[in-house]
Structures are given as C-alpha cells and as structure tokens.
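Could you have a look at this structure, given as structure tokens, before my questions?
The values are calculated or read from the model by the stated rules, or taken from the named source; none is laboratory data. Because the structure is a prediction, the values reported are computed rather than measured. Using ideal geometry, Cβ is built from the backbone for each residue, glycine included, and neighbour counts are taken over all protein chains shown. We work out accessible area using only protein heavy atoms, side chains counted, and drop any ligands, DNA or RNA first. Shrake-Rupley method; radii C 1.70, N 1.55, O 1.52, S 1.80 Å.
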Amino acid sequence: MHLRVPRPRSLAGQLFAMQAVLIAVVVVGYALFTYLSDRGQAEEAAGRQARAVSLAIADSPSVAEAIRTPDPTARLQPYAVRVMRDTDVDFVTIMNPRGIRWTHPEPTEIGHPFQGHIERAQRGETFTETYTGTLGPSVRAVAPITDDGRIVGLVSAGIKVEEISKRAREQLTALTGVAAGALLLGAVGTYVINARLRRHTHGMNADELSRMHDYHQAALHAVREGLLMLDGQYRVALINDGGRELLGVRGDVVGASVADLGLPSQLTGALLASEPRVDEVHLAAERVLVVNTSPVSGGEHRGTVVTLRDVTELQSLTGELNSERGFTQALRSQAHEAANRLHTVVSLIELGRAEEAVEFATAELELAQALTDQVVAAVSEPVLAALLLGKTAQANERGVELVVSQDSRLDDGLLPPSLPARDLVTILGNLVDNAVDAAQGAVPSRVTVAAYTEGRGAGGSELVLRVSDTGAGVDPAHADLVFQRGFSTKPAGEGGRGLGLALVRQAVRRHGGSLTVTEAEGGGARFEARLPLGDAGGRGATPATTAGRPGAGGAV
C-alpha cells in the first residue's frame, strides 16, 4: 500500500486562497471598525438628543408653573410621559433642587432621590454623562430649571445604553449584508481571474513554475543552435547566446524590431515572413546559416519561433569536397587521355616505329611538365597552385581555356597564418567557377587568373586575386546585387544558385578586404578581391601592371 502524497496547490489556487482570506480580513476589519465607530457616533447622538430634551423641558414655562403648585407630580408626571413618547427617549426625570424625583418612568420611584450626579446642575450648569441608574446604564443629560433667576428644580433626560447598542446592531446587520455581498463579489472576481491564470500556468504551482524557469534558462544557454522568438510585431522577445553569436548582434536587443538589427536584407526578409521557412540557407555577417521559422498563431499572428544552425564549416567542407570531386574528374579525364596516348605508343612499337613512339611519349611528358611548371612558377603557394591545376582540367573539360597571367607571383610561405587556406579556396575557387560558367560557349572561351601581392603604403601589403572571363559581363546596375545570395545567371534548376559569390564576399569581408566587379578588357567581367596581409605580405611582392589582360599569359 502506497501513501499518496497530496500535490501542492497550484499557483492559481494559492493566489485564490490568499486573495479570499485577504478580502475576508478586510471586510471583517472594516465591519468591526464601522460597528465601533457607529456605536461611538450613536452615543454622541444620544447625548445630544438627551441634552436637547432636557433643555427644552427646563425652558418650558408650564414646568416652572407646575413646580409652584402644591403637588408638582400631578401635572409633571403626565407631561414627562408625553415628552418621552414624542422625543423617543427612555426616561425623563424632573426633581427638586435637592434631587427628590417628581417624575419617573416607574411611578414607584417617585419621591426617591435621583441616582446620578446633580452637583453641576445645582450650580446652574447643563452637562451630559453615562451613568447606571435604576433603569440600567444610560446616556443622560442634567439641566437646571430656573424661575426668576432661582434654581427651582432639575430635569434629566436619557437613553439607555442597551437601546444605543440595539441601534448600532441594526446598522451592523445592514453593514454585514453589504460586507457579505462585497466578499461574494470579490470571491467571484478572484475566482474568474485565477481561472484565467490557471489556464495560462496549466495548473502548475510556484515550485513547478520556478523549476520550469530554471530548466528554460539552462536550456537556452546550453543549446548551441540559435533560438530567436519574435512577438506579433516582429520584435525580439527572446534570444539565446547561440542566436546572438550566429547573428552577430551585441547588447540588449530584446524589444528591438528585427528590421533594426542590421542583418542582411534577405535574412531580415525571411525573419519577417508570415509563412514558414524550412531549411533556407542565408548569409549573416560572418556565417552561413540554415534558417527555419514557425509562426505562432491562435486565431491571430502572435509571434514567430526561429531556429538557426551554423553551416559555415559544412559549407566550406562542401566547397572543398566539390574541389576534390573536380580533381577526381580531372584525373579520370587525364587517365583516359593517358590510356589513349599509351595505346598509341604501344601501337607504334608493334609497328616497328620505336623511335617515333619515344618521341611521342617524350613530347607528351614535356608538355604536361611544362604546364605544371608554369603554374607553380607563377603561384608556388601549394594550395592555390593545386586549386588552379584542378580548375584548369575542369575548364578544359567544359571547353574553356584557363590561363594564369604572366604577372602573377605568389611565393610559398608568403601568406600569413591569419589567412587560412580554406578561405583562399572559397574565394578563388568560387570566382573561377563563376568565370568558367560565364565563359562557356563564348568566343573565345577564356578565363584569366592573376594572383600577386602589392604594397599599400604604411598599411603593409595585400593579396590580390583577379579573375576575368570573356562572357557576357555584368550589368553595372547589378554590380552590388551580384554578390547577394539568390542572384545567379545560371539557368533555373541548377544547384547552388546564387551562393558562390555571396560566400566570396563573406570570406573577403571576414578578413577586412574588398571585392569589386568591373568590365574586363575586351568584354566580360573582371572580379577582384583584395585581402590585407599586413607586414607579412611584403616579402617577394611583385606588383602587376597588366594582370587580368586576356591572353597575357600561357594556357595551363
């Protein structure tokens, strides 16, 4: 048998109980205060009423006239009874100056001394007091009766304390009804509010909400992916550490509009879209992001949940993989050509033409070695040299001649560690691919590459990578648009549309460089990337004066 531990009351339930108790305490306290206040006010009112009755009797000429008769009681007793009935007081006692009663509500008390203080009245003063007499505790007033300046009698009128309490209780009954109504109304209002709160908190108690908040904060900081939540007006409602890093935003951006974050226009457009976005690739300042958006709606647009994944490394690896695939295809093509040449050599030997076979093989080896030596002589930096050799084979496969400008000079070990080979492959590889696409089918079909360093005064030196093609060129109106993601001159349906040049610009900007596009000599487009090298680039720099001129170099 298991003991079932009762679940703690929900937060809404706790608030309801607390508010109900608070309302009850306030109402009861107010009722008690009002009762005591009304009782005090009732006693004051009773004192004023008794004083007014006493003074009215003392000033009545008929009373003074009755006192002068041999039997004052005979005339004053009926008079006192009428006054008690008309003025709603509990007693009216008229007495001689020594305090012997002439009237009393109970006739048996007539002729007996008055129970109470009369000294002040005997001195001609009217006063009010609370005293316990024959009728019990009462609020009474005592006034002197004068005749020709002489005190000929005293009069006292009073209201019993019990009657005063009865009046206060009647008021308390009405107040209790009002208080009960207020308590009921407050309880109903509190219940309605807490029912709404219960729906929003899903019936959880304070400890559960606190734990959920702790888990929420821990998850936000632990998740490496970016998480961004926007409200219905597309303002930042929440952003985690990963989101700040991936978007490159600084400071407190909660409450800021997405349009004010300084993000690229296409990324901003994706975040502001009302429809969901699934696995869209966008460029931030320094990263390639996969963006997913999911609108939050409940009859109306309440906000958007955005997730961000960093695929910068993946994109770089994809670019390297594409380069390796190109190298593989080039090697396959070369192997095919080598097989053809080998069959030619073997056939010449079988025909007894050994000398011609040797001459043919030697010429082929010399040509291949000459092409390799030409590239390495111009660009001895191993990564770029290997890239250019592979791109040359790829270009030849597509009927495009790739030449390296004679002014190119880039020695091995010249580039600093701050300029990684992966970024060079991204920049030069995408520029060459774009140029080959543009030059394919043109007459002549040629791509010219120049790579060199040149000084820039006190700022050290910079690496210049220039790629020209003989294609249709770039419309000057699209000179900046061409570097944005999504812009492409490729036919619809081809993969990788509009991402290569955008990645080039991102890599160039990451290293503080510049990227421009102009018209090449003889037509076509000329892309030029300049990357600062600092002082490290000064060794062996050879400025170029004719780099990029079509035909100013040897085919490789």
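When the stretch 422-437 is examined, which residues are found to be open to solvent by less than 40 Å² (accessible area, probe 1.4 Å) and of a type outside the set (S, T, N, Q)?
If the condition is that a residue be open to solvent by less than 40 Å² (accessible area, probe 1.4 Å) and of a type outside the set (S, T, N, Q), then Asp423, Leu424, Val425, Ile427, Leu428, Gly429, Leu431, Val432, Ala435, Val436 are the ones that fit.
Just to check your reading of the model, which residue among Arg466, Arg497, Arg505 is closer than 27 Å to Pro264 by Cα and at pLDDT below 80?
One residue alone meets the criteria, Arg497.
Please specify each residue of the stretch 226-252 satisfying the condition of being surrounded by fewer than 15 Cβ atoms within 10 Å (Cβ to Cβ) and not in a helix (DSSP H, G or I).
Gly232, Gln233, Gly248, Arg250, Gly251, Asp252, listed by residue number.
Residue by residue, here is whether (1) open to solvent by 70 Å² or more (accessible area, probe 1.4 Å); (2) modelled with pLDDT under 65 holds:
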residue	(1), (2)
Leu342	yes, no
Glu355	yes, no
Ala361	no, no
Ala370	no, yes
Glu381	no, no
Leu384	no, no
Ala393	no, no
Val400	no, no
Asp407	no, no
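Still on this structure: Step by step: first the residues of the stretch 503-532, then only those that are crowded, with 22+ Cβ neighbours inside 10 Å and hydrophobic (A, V, I, L, M, F, W, C), then the one that is nearest to Asp423 (Cα to Cα). Which residue is that?
Ala507
Open to solvent by less than 50 Å² (accessible area, probe 1.4 Å), farther than 30 Å from Ala395 by Cβ and modelled with pLDDT under 80, is that true of Gly298?
Spelling it out, Gly298 is indeed open to solvent by less than 50 Å² (accessible area, probe 1.4 Å), farther than 30 Å from Ala395 by Cβ and modelled with pLDDT under 80.
Here is a follow-up. Quick check on Asp480: is it under 43 Å from the mean Cα position of the chain (by Cα), of a type in the set (D, E, K, R) and open to solvent by 10 Å² or more (accessible area, probe 1.4 Å)?
For Asp480, the condition - under 43 Å from the mean Cα position of the chain (by Cα), of a type in the set (D, E, K, R) and open to solvent by 10 Å² or more (accessible area, probe 1.4 Å) - is met.
Ok, one more. Is it fair to say Ala259 is in contact with a helix residue (DSSP H, G or I) (Cβ under 7 Å, 6 or more places away or on another chain) and either open to solvent by 10 Å² or more (accessible area, probe 1.4 Å) or modelled with pLDDT under 85 (or both)?
Yes; evaluated as a whole, the condition is true for this residue.
Only one of these conditions is not met by Met84: (1) assigned to a helix (DSSP H, G or I); (2) in contact with a His (Cβ under 9 Å, 6 or more places away or on another chain). Which number is it?
Unmet condition: (2).
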